[in-house]
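First the structure, in the form of structure tokens, and then the observations on it.
Derivation of every value follows stated rules applied to the coordinates shown; laboratory data play no part. What you see is a predicted model; the values in this text were computed from it and never measured. Note: ideal-geometry Cβ built from the backbone for every residue, glycine included; neighbour counts use all protein chains shown.
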Amino acid sequence: MRLRLRNRKRQRPGAAALGAALFLAFALPGAALAQDVARPAPERTTQIRGDARQPVRAKDWMVVAAHPLAAEAGAGVLRKGGSAIDAMVAVQLVLGLVEPQSSGLGGGAFLLYWDAGQKKLTSLDGRETAPSAATPELFLDDKGEPLKFFDAVIGGRSVGVPGTPRLLEAAHRRWGKLAWAELFEPAIRLAEEGFEPTPRLVTLAGEAAESLSRQESAKTYFVDALGAAVSSGEPLKNLAYAETLKLLQAGGADAFYAGPVAESIVGAVTRFADNPGVMRLQDLAGYEVKEREPVCAAYRVFKVCGMGPPSSGGVSVGQILGLLAPFDLAELSPDMAATWRLIGDAMRLAFADRGRYLADTDFVPAPIKGLLDPDYLAGRAKLLEGDGRLENVEAGTPEWDHALNFAPDAAIEFPSTSHFVIVDRDGNIVSMTTTIENGFGSRLMVRGFLLNNELTDFSFASHEDGVSVANRVEPGKRPRSSMAPTIVLEDGAPVLAIGSPGGSRIIPYVAEALIAFLDWGMNVEEAVALPHVANRFGTFDLEAGTRAEDLAPGLAALGYEVKVTDLNSGLHAIAIGPDGLAGGADPRREGVAIGE
Ligand code: DON
């Protein structure tokens, strides 16, 4: 295959639209991927809706979130004139109740926000931090060997100081319109009156029952109360969560970071006998949300903007697109192995740089500008020319005025997490990815919410051959993330807001959906439903039960290792166009788009 190199104008639907449509038409056969239980206990795909749905369309406002009750809470706020940030607070508080395995008060989040009045993007970092007593040996055993992943996850050791409550408050103080207390009402009401647990929550809690039973509070709620609700058909109540919400409603985020809630968190973390952590009250009291410079990459006529460090999301998605910019993807069909050879190797190049360079830049320098420099990427893109697979993929040498070099990272990531997008009637936009890391986080429950295991996003190994790893644990540091809340601009105006869960596969999921929308002319619903084809470290992951499986022989013939597997995204997107808003919710999860 010969690829023509040229700059392409925005062209939708693209010349590959027919191929894209065919690829999609066979993509969703309704085969429940629930049977794929190869992976232990992370939050995996529990359903694939079989209908190739159309986007939800609206004129004034829209919210797309992973659970209908959360989306409805946001819609209620927007309906009565609240801002996108007001709706964000309401959505997050309800998600913490109805999708507790994925995000909540005990976790962290990244918010990318478009202020329509100022025409300005801002990103807020509400990432969990390592306690001040954490050391680079946190995840090493007595012999200096990395712990097994789940030995590290379950218990207090993996719990980072939560950032989500401070993030909600910081964003609301800057951009909220409605009263803080009012935004708590939907979640408090649902927690007190109860809600029907979704099949996803029931399935995942069932699979995690053993680990959830190691702590009394988690067992009481997720095994006993949830089990009783399912067998009786009664709504599931979470009165402890309602009480916590009332404390925050009255006292703001301070009621979380000091006083009885903080004491309960520290108690749960440090007194978990099997695997205690080192968090102290002063770690909670000192937690800060940080405003970060959004990271933007030019892609064709667009500017693709996202979250910078401590997330690798914005840089890596930007690198993938930058590497592909010289190639005319619109001419290539998504049902050809050759197309994914090109995209997959671009992903591999981006992941090699990510592993070497990206971590919390408050602790280690990173060549962010150099990694996204068009000349650097054009040079690396030359490696992609021709028809063959890249044999060896190594980190590049972007321009950098720093002498430090880092060893490749050794972090392990498993899925949970949630992404939601909101547009309000003034055109303000929220693109927020929110997490407690693994499904059910550390499995420690405190006052009605789960504590994260985000510290396992650090590299367990602190050094390799005497060279330190950029993403090693250090006191007060934030673990490297892959979360990629994204907003795409064209001529300075937003055209798309998108993001996904998926651990480090977030980066390929978001990059693929962007290519589907920007190059292949798919609508948002088609773009988020596109079968996943991802390559991070050499092996091609093809989404089981979808047409992506058909690519296996072609990719194997190119010399790639191929793995057909469950690929659990939760892509949620809103397209903003001259005719209004179009929302897409990932058919692999339980989310919906609501708009008016
Ligand atoms: O911050 C991160 O990149 C991960 N802790 C996110 C985890 C995740 O997306 C799991 N997803 N399904």
Query raised in the report: Sequence-distant or interchain residues sharing an amide H contact under 5 Å with SER442, placed H: which?
Result: LEU451, ASN452, ASN453
Query raised in the report: Hey, got a sec? Which chymotrypsin sites (Phe, Trp or Tyr not before Pro) in segment 537-573 land in a DSSP loop and have at most 15 other Cβ atoms within 10 Å?
Result: PHE537
Requested in this report: Please compute P(r) over all alpha-carbon pairs of segment 270-423, binned at 5 Å starting from zero, and give each bin as a whole-number percent.
Outcome: 2, 8, 14, 17, 17, 15, 11, 6, 4, 3, 2, 0
Report task. Can you check how the C-alpha radius of gyration of segment 240-290 compares to 2.2 N^0.38 Å, as a plain ratio? Result -> 1.21
Query raised in the report: Which ordering of ILE436, ILE574, ILE487 is given by a fewest-first count of other beta-carbon atoms within 10 Å?
Result: ILE487, ILE574, ILE436
Requested in this report: Calculate, in whole percent, how much of the Cα-Cα pair population of the chain lies beyond 40 Å.
Outcome: 19 percent
Query raised in the report: Taking the Cα atoms of segment 286-353, what is the range of coordinates along each of the three principal axes, in descending order and whole Å?
Result: 52, 26, 18
Query raised in the report: Tell me, LYS219, LYS119, LYS477 in order of fewest to most beta-carbon neighbours within 10 Å?
Result: LYS119, LYS219, LYS477
Query raised in the report: Along segment 472-488, what does the Karplus equation 6.51 cos²θ - 1.76 cosθ + 1.60 (θ = phi - 60°) give for ³J(HN,Hα), rounded to whole Hz, x for Gly and Pro?
Result: 7, 6, 9, x, x, 8, 9, x, 4, 10, 10, 5, 9, x, 10, 10, 9
Report task. Give the order of HIS172, HIS463, HIS572 when sorted by the count of other beta carbons within 10 angstrom, beginning with the fewest. Result -> HIS463, HIS172, HIS572
Query raised in the report: Dividing the alpha-carbon radius of gyration of segment 254-318 by 2.2 N^0.38 Å (N being the number of residues), what value is obtained?
Result: 1.73
Query - Rel. contact order, % - alpha carbon contacts under 8 angstrom, at least six apart, the chain - result: 27 percent
Query raised in the report: How many angstrom lie between the C-alpha centres of segment 476-494 and segment 55-131?
Result: 15 Å
Query raised in the report: Given H placed 1.01 Å from N in the peptide plane, which residues other than close sequence neighbours of ALA461 have an amide H under 5 Å from its amide H?
Result: ALA410
Report task. Give, in whole angstrom and from largest to smallest, the semi-axes √(5λ) of the equivalent ellipsoid of segment 196-317, with λ running over the eigenvalues of the Cα gyration tensor. Result -> 34, 24, 17
Query raised in the report: At 4 °C and 1.567 mPa s, what whole-number value in µm²/s does Stokes-Einstein give for the translational diffusion of segment 412-533, with Rh from the Kirkwood sum over Cα pairs?
Result: 78 µm²/s
Report task. Pull up the cross-link candidates among the lysines for LYS477, meaning alpha carbon to alpha carbon under 27 Å and not fewer than 8 places away within one chain. Result -> LYS143, LYS148, LYS290, LYS369
Report summary line: Taking every DSSP bridge whose two residues both lie in the chain, the antiparallel percent to the nearest 5 is 90 percent
Query raised in the report: Once phi is turned into ³J(HN,Hα) by the Karplus curve 6.51 cos²θ - 1.76 cosθ + 1.60 with θ = phi - 60°, what whole-Hz value does each residue of segment 462-467 show in order, with x for glycine and proline?
Result: 8, 9, 9, 6, x, 9
Query - segment 314-366 versus segment 252-292: alpha-carbon centroid distance in Å - result: 37 Å
**Report entry** Derived scalar couplings ³J(HN,Hα) [segment 224-237; Karplus, 6.51 cos²θ - 1.76 cosθ + 1.60; whole Hz; x for Gly, Pro]
**Finding:** 6, 5, 5, x, 5, 5, 5, 6, 8, x, 7, x, 8, 9
**Report entry** Computed [θ] at 222 nm, deg cm²/dmol, the chain (DSSP H ≥ 4; -39,500 (n - 2.57); rounded to nearest 500)
**Finding:** -9000 deg cm²/dmol
Query raised in the report: In terms of modelled amide H atoms, which long-range or inter-chain residues lie less than 5 Å from the amide H of SER83?
Result: LYS177, LEU178
**Report entry** By average C-beta atoms within 10 angstrom, highest first, the peptides 369-380, 311-322
**Finding:** 311-322, 369-380
